[in-house]
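Undergrad: Below you'll find the structure I mean.
The values are calculated or read from the model by the stated rules, or taken from the named source; none is laboratory data. The shown structure was predicted, so the numbers you read here are calculated from the model rather than taken from an experiment. Cβ placement follows ideal geometry from the backbone for every residue including glycine, while neighbour counts extend to all protein chains displayed. Surface areas here come from the heavy atoms of the whole protein model, side chains and all, with no ligands, DNA or RNA. Shrake-Rupley method; radii C 1.70, N 1.55, O 1.52, S 1.80 Å.
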Amino acid sequence: MKRRRKKELRTKLISILVAIALILIVGIVAFGAKIKKAIDEGEEINGRWFLSLIYPDKYAYSTEIADYNDYYQLMADDDVAIILQDEILEDKAKLINGQPYFSYDTVSKIFTNRFYHNSDEKVLLYTTSTDIIKVDMAEGTSGYYVSGTFTETPAVCATYIGDTLYISADFVKNYANFSYAYYSQPNRVQVYTKFGTERAAKVKKKTKVRVKGGIKSDILASLEKDQQVTVLEVMEKWTRIKTEDGFIGYVEKNKLSDEFEYTRPAVTDA
């Protein structure tokens, strides 16, 4: 009888120990996965990181993605944010057949005021010392006239949305020196009209760009190691930067290399 009880007790004890061992193994694997994920995302495994496991509300980094439409103030599906140099403008471009178009007012303010728009005849004119360039929107054709000779283009050079005239970015580039790059999700166009030396840095390890300087701020973008960013403002723990694809936000200062000078090549082909 006593032997049977001892055997039953031993069997129960072994079962409990096996269960505890399995729980520990699962916990270790899960903990290891958390560490791997943190390292992959560029987090440092330090005292703060361990505290974030115990007190996530205080120490854990936010994983919330920013609302891009709110960040860029995009009100319609075809709105395109304009980032001029290092500033997000109130003016919006439009996406027409996959290409960015600037409003006539935006073109006049930023690029050149030498376009002339006759809204009654639906004609857009640009005059050089030797030629008159004309876009006739009433024809509905893809192209323009140079002193009477028609040149066809892949897309319409200018068109109306409501009462507002929009001009193709590629067409404007023929007559103004600037560079631009369009990016989707969200729609935005990075524009440079001034060229020269700017402050830059490279990302030392994978990290996030946040709307504000703080670990609880929403995420704008992810940065990979060795990616170059423009440095706008340096603070005690955070640095305000701009990515090449037009996100302006904050990264932790210790995730960036020392600043260096970068010269953006000038555009002179207009």
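Undergrad: Using beta carbons and a limit of 9 Å, which pairs, at least six apart or on different chains, have the first residue in segment 179-206 and free of Cβ contacts under 8 Å to residues at least 12 places away in the same chain and the second one of a type in the set (A, V, I, L, M, F, W, C) and crowded, with 16+ Cβ neighbours inside 10 Å?
TA: Between residues of segment 179-206 that are free of Cβ contacts under 8 Å to residues at least 12 places away in the same chain and residues that are of a type in the set (A, V, I, L, M, F, W, C) and crowded, with 16+ Cβ neighbours inside 10 Å, the close pairs are Ser184/Leu95.
Undergrad: Right, next: Which one is modelled with the lowest pLDDT among residues in segment 124-161 that are charged (D, E, K, R) and open to solvent by 40 Å² or more (accessible area, probe 1.4 Å)? Break it down into steps so the answer makes sense when it comes.
TA: Here is the first cut: in segment 124-161, the ones charged (D, E, K, R) are 131, 134, 136, 139, 152.
If we keep only those that are open to solvent by 40 Å² or more (accessible area, probe 1.4 Å) as well, we get 131, 134, 139, 152.
Working: Asp131: 91, Lys134: 95, Glu139: 84, Glu152: 92.
In this case the residue turns out to be Glu139.
Undergrad: Across segment 68-123, which residue is surrounded by the most Cβ atoms within 10 Å (Cβ to Cβ) among those that are of a type in the set (Lys, Arg) and within 20 Å of Thr193 (Cα to Cα)? Write out each step before concluding.
TA: Keep residues of segment 68-123 that are of a type in the set (Lys, Arg), which gives 92, 94, 109, 114, 122.
Narrowing further to those that are within 20 Å of Thr193 (Cα to Cα): 92, 94, 109, 114.
Numbers: Lys92: 21, Lys94: 18, Lys109: 14, Arg114: 13.
That would be Lys92.
Undergrad: State whether one or more residues within segment 207-222 are at pLDDT 95 or above, assigned to a loop (DSSP other than H, G, I, E, B) and under 30 Å from Glu121 (Cβ atoms).
TA: No - not one qualifying residue is present in segment 207-222.
Undergrad: Also, quick follow-up: What residue, of Ala138, Ala155, Ala201, is outside any strand (DSSP E or B) and over 18 Å from Asp78 (Cα atoms)?
TA: Values: Ala155 fails: over 18 Å from Asp78 (Cα atoms); Ala201 fails: outside any strand (DSSP E or B).
None of the other options fit; the residue is Ala138.
Undergrad: Go through (1) in a loop (DSSP other than H, G, I, E, B); (2) under 29 Å from Ser168 (Cβ atoms) one by one and return the number of the condition Glu236 breaks.
TA: (2)
Undergrad: In this structure, is Gly213 farther than 18 Å from Glu244 by Cα and not aromatic (Phe, Trp, Tyr)? Explain how you work it out, then say what you get.
TA: Values: farther than 18 Å from Glu244 by Cα: yes; not aromatic (Phe, Trp, Tyr): yes.
Here the answer is yes, as Gly213 does meet what is asked.
Undergrad: Looking only at segment 232-250, decide whether some residue is in contact with a helix residue (DSSP H, G or I) (Cβ under 7 Å, 6 or more places away or on another chain), without any contact (Cβ under 8 Å) to a residue 40 or more places away in the chain, open to solvent by 10 Å² or more (accessible area, probe 1.4 Å) and among the basic types (Lys, Arg).
TA: Among the residues of segment 232-250, at least one is in contact with a helix residue (DSSP H, G or I) (Cβ under 7 Å, 6 or more places away or on another chain), without any contact (Cβ under 8 Å) to a residue 40 or more places away in the chain, open to solvent by 10 Å² or more (accessible area, probe 1.4 Å) and among the basic types (Lys, Arg), which makes the answer yes.
Undergrad: Further, regarding this structure: Are there any strands (runs of 3 or more DSSP E) wholly within segment 84-127 with 2 or more residues that are aliphatic (A, V, I, L, M), and if so which?
TA: Numbers: elements: 87-96, 99-103, 115-118, 123-127.
Those strands (runs of 3 or more DSSP E) span 87-96, 123-127.
Undergrad: If you don't mind, another one. Being open to solvent by 30 Å² or more (accessible area, probe 1.4 Å) and over 23 Å from Ser62 (Cα atoms) narrows it down to one residue among Glu259, Glu224; which is it? Spell out the reasoning first.
TA: On the way: Glu224 fails: over 23 Å from Ser62 (Cα atoms).
From the options Glu259, Glu224, the qualifying one is Glu259.
Undergrad: Residues that are touching a Cys at 6+ places or on another chain (Cβ under 6 Å) and open to solvent by less than 20 Å² (accessible area, probe 1.4 Å): does segment 184-202 have at least one?
TA: Step one: of segment 184-202, the residues touching a Cys at 6+ places or on another chain (Cβ under 6 Å) are none.
Scanning segment 184-202, I find no residue that is touching a Cys at 6+ places or on another chain (Cβ under 6 Å) and open to solvent by less than 20 Å² (accessible area, probe 1.4 Å), so the answer is no.
Undergrad: Can you find even one residue in segment 251-266 that is of a type in the set (Lys, Arg) and either part of a strand (DSSP E or B) or over 22 Å from Phe111 (Cα atoms) (or both)?
TA: Narrowing segment 251-266 to residues of a type in the set (Lys, Arg): 253, 255, 264.
Of the ones still in play, those that are also either part of a strand (DSSP E or B) or over 22 Å from Phe111 (Cα atoms) (or both) are 253, 255.
Yes, that holds for at least one residue.
Undergrad: In segment 162-183, which residues are surrounded by fewer than 20 Cβ atoms within 10 Å (Cβ to Cβ) and either on the phi > 0 side of the Ramachandran plot or within 24 Å of the chain's Cα centre (by Cα) (or both)?
TA: Residues of segment 162-183 that are surrounded by fewer than 20 Cβ atoms within 10 Å (Cβ to Cβ), as a first pass: 162-164, 170, 173-179, 181-183.
The answer is Gly162, Asp170, Lys173, Asn177, Phe178, Ser179, Ala181, Tyr182, Tyr183.
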